[in-house]
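Since the structure comes first, as structure tokens, the remarks are kept for the end.
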């Protein structure tokens, strides 16, 4: 990696250079003042860079060298399912008939796009065991909010308006309580027991007439399957609440358990995790939501529907919660997910989960002698370790994460979930080979040994990256959020 | 099961199961209660080889008409623009597209710096102090702006102009319901926000006022006049803007906007049947700690070298949980990168030139249609769209256009009943004089 500071694009700008080739101006130009009132004609040009095309390519190539992706190396970031992003997906999504179709074209001219969406819905219905699916939400958190708004509409339709609370486990993703708030609910936390699972007694204590829903990730963020799921479903349903499935960890249960069969009423999926829409450096994602039949009337509109081999957008949905996003969702990501599902088929998806779970358990067993394993049982697609043994020696989980960078690895998710001290959450995924897992485990073992013998090597890491640890306090105290000449 | 994405061999599997201490893979799933354990395989389509899947998907794509093989006059929020070829080359670098959110700054400087540059360019175009690292799209960005204004002013009513994109208005209403905020629409008059109606509706109960610039009909809203009305009652002034238009128009930041939000789709992002696009969100300094979503900030490392990090994270869901300013987590990072590359390629002169080409070509089209006897309504200062009253039913006209290789404009009657058989015509820099003349010919009185 290049250790030198990479100039900002603005710093290599030179007046007079251009990087564009606009279409020929083949109509007669009129004075701008004859078209627009003078106070609305921009006086000072926006100070965008002035660079040649090669300048641009070199700049972004240099930036790409300073960035780690799945294609660069192992990325065992727990809860994020950083699996390989198939290249065929990218080719298909860029086909003119998918990339360059306008959402307002006549339905008759977009039958291929609607057919793909319809068939994807059908595939996701089968995979989740739900009764209907909307592809409209843009991402997981957006799906959560959409699902909760539907649950709210359902209770309101039943004149059951005192259900103001959403229960989330203490191990839940931060988006769960945040989504509950923006959907107008209060959040109630339910504790985990000593086995890392939802404490049933505590659930019975917090559930009640005011419960709108329980949000659950299964397997949970510790990578453990909530084996009391049926009892939990019964407790919540008996109280009149709905059960919400956060699909972030679906990679763990493909062909093994379907949310619909476990008693869940609403499910969101992260197509950019389990179904290989690339993460893109933080997005775009896609967060379809599946529901059981009693919630179908509340789905966002429009919904893609089929009749006599013709596909159309159904807007006639009077009880719908409305529109959660302009147009029909992140279609381009949905195309990628569909391509992936069709590449894998039913046997392939089953192997995905089995291999992901074997990989995770294998790594967990190999690492168990060197790090604390808070929950000693089979995990699903991911597992958590605690760095408390290392902490006693003065090395924190953050240090371990930074030291991993020197080995060319992206570190695991750290300090999450919140209920495990010095937590490291590791998710290998099924697309990584045994050799890769072994090499990573060896690096972790070496770091554990360094912690005992030469802790400063870990404490001062990283040593090989283009930049050392950054002053985040300074960044927050005196925010510099844009370049200024 | 052998598959090119699955490297585990039979031997690997055996060795790993041995190391775990189980005899079969099924033992790893014993914690799933028997009664809910799924047995067998999904009833879905079988796997296809790479080549036959490509063939099938090519056929499926070909069932769609696309805007590249037709002359498209369809806009209404999604536009067919010049996308510098270099954009796709940059975003195809897999160090960018296969990365997660840059939570580990030491190995994510590329993404972080690119986003810092994106934030800067959005600030430049909008005339605002701070921009975030992107939102899902223009519609949800605007809804978040409305929610921010309600939170900030502790008021529970939002005014939205009827000349704001109808789908954005729908999304605002859906978000508002979540937070018990009331949305009141201000009618349009002669193609722009009805100023008198706004004056009547503004009060100290109003959290924010939302207008679009240029608006859904393509018209330039009189932001100066509107700003004065909004701020007399200390409501927040929220402007939804096509950022390309701001290459030639006075930026909302110079006209008193508190929040500017919109979609960067015109910058190098394909229509893609409506998404993914790229919402942007820009505010004044005063609101920096209320912004939803991720922000990248500049700082230094232990050696004093410049670097970039995600910052002010105390606003966000993974830290604040139920007290966060928004629930947004994934954003549109890769599309923000695409927009950055397009904005960089266009640069200081290109962005203005491209915006001006839109204004000029739309102006030419307006004249050409009028010359054919067509009635251009809401005529006045506009960007790249205008409204024409059709001489026959929309479907009839649009079908005829399609037969001539033209994708006609948006049917306003679908969302404004009073504008039945009125077409919103979008003319970008990509439309040639010949294509515009052909549209005028087809729409003109020769076909009545």
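Some values worked out for this structure:
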| item | result |
| --- | --- |
| Ordering of A:257-263, B:159-165, A:287-293 by packing [mean C-beta count within 10 Å, highest first] | A:287-293, B:159-165, A:257-263 |
| Pairwise centroid distance, computed over Cα atoms, of segment A:2-43 with segment A:290-336, Å | 40 Å |
| Counting DSSP beta bridges with both ends in segment A:87-343, the antiparallel % (nearest 5) | 40 percent |
| Exercise: per-residue mean of other protein chain Cβ atoms within 10 Å, A:10-21 | 4 |
| Segment A:87-343 - Kirkwood radius from inverse mean 1/r over Cα pairs (Å) | 18.5 Å |
| Fewest-first sequence of B:434, A:471 by Cβ atoms within 10 Å of each Cβ | B:434, A:471 |
| Efficiency of FRET between residue B:396 and residue B:55 - r from beta-carbon atoms, R0 25 angstrom, step 0.05 | 0.10 |
| Mean-position separation - Cα centroids, segment A:247-268 and segment B:83-117, in angstrom | 32 Å |
| Using alpha carbons only: equivalent-ellipsoid semi-axes of segment B:85-342, gyration tensor based, whole Å | 31, 20, 16 |
| For the protein assembly as shown: rounded, prolate or oblate by the Cα gyration tensor [a/c cutoff 1.5] | prolate |
| Kirkwood hydrodynamic radius of segment B:10-150, from inverse mean 1/r over distinct Cα pairs, in Å | 22.0 Å |
| Among B:353, B:50, B:185: highest mean-square fluctuation, GNM of chain B, C-alpha pairs under 10 Å | B:50 |
| Antiparallel DSSP beta bridges within segment B:85-342, percent to nearest 5 | 45 percent |
| Residue among B:189, B:290, B:361 with the largest mean-square fluctuation in a Gaussian network model of chain B, springs linking Cα atoms under 10 Å | B:189 |
| Relative contact order (%) - chain A, alpha-carbon pairs under 8 angstrom, separation at least six | 19 percent |
| Theoretical FRET efficiency, 1/(1+(r/R0)^6), r = Cβ-Cβ of residue A:421 and residue A:25, R0 60 Å, to 0.05 | 0.40 |
| Footprinting exposure proxy for B:263, B:399 (fewest neighbouring C-beta atoms within 10 Å first) | B:399, B:263 |
| Cα centroid of segment B:258-335 to Cα centroid of segment A:185-224, whole Å | 31 Å |
| Gyration tensor (alpha-carbon) shape descriptor, chain A, a/c threshold 1.5 | oblate |
| 10 Å Cβ neighbours from other chains, averaged over peptide B:335-347 | 6 |
| Length gained when the stretch residue B:432-residue B:179 is fully extended (0.36 nm per residue, less Cα-Cα span) | 86.4 nm |
| Length added when fully stretched, residue A:4-residue A:230, from 0.36 nm per residue minus Cα-Cα | 75.7 nm |
| Relative contact order %, segment A:87-343, counting alpha carbon pairs below 8 Å whose residues are six or more apart | 28 percent |
| Order of A:20, B:378, B:410 under a 10 Å beta carbon neighbour criterion, fewest first | A:20, B:378, B:410 |
| Anisotropy class of segment A:82-126 from Cα gyration tensor, a/c 1.5 cut | oblate |
| DSSP-defined antiparallel bridges as percent of all bridges, chain A, nearest 5 | 55 percent |
| Exercise: per-residue mean of other protein chain Cβ atoms within 10 Å, A:347-358 | 6 |
| Of B:274, B:151, B:256, the one that fluctuates the most in a GNM where chain B has Cα springs shorter than 10 Å | B:274 |
| Contact order normalised by residue count of segment B:85-342, Cα under 8 Å, 6+ apart, percent | 27 percent |
| Mean Cβ count within 10 Å, highest first, over the residues of peptides A:28-35, A:385-392, A:133-140 | A:133-140, A:385-392, A:28-35 |
| Semi-axes of the equivalent ellipsoid for segment A:165-291, Cα gyration tensor, largest first, Å | 23, 16, 14 |
| Acute angle (nearest 10 degrees) that the helix B:10-20 long axis makes with the longest principal axis of chain B, alpha-carbon atoms | 70 degrees |
| For chain B, Kirkwood radius (reciprocal of mean inverse C-alpha pair distance, Å) | 24.4 Å |
| Rounded to 10°, Cα long-axis angle of helix B:433-443 versus longest principal axis of chain B | 70 degrees |
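Here, each number is a calculation from the coordinates, and none is a lab measurement. Here the structure is a predicted model, which means the values were calculated and not measured. Here the Cβ is made from the backbone with ideal geometry for all residues, glycine too, and neighbour counts use every protein chain on show.
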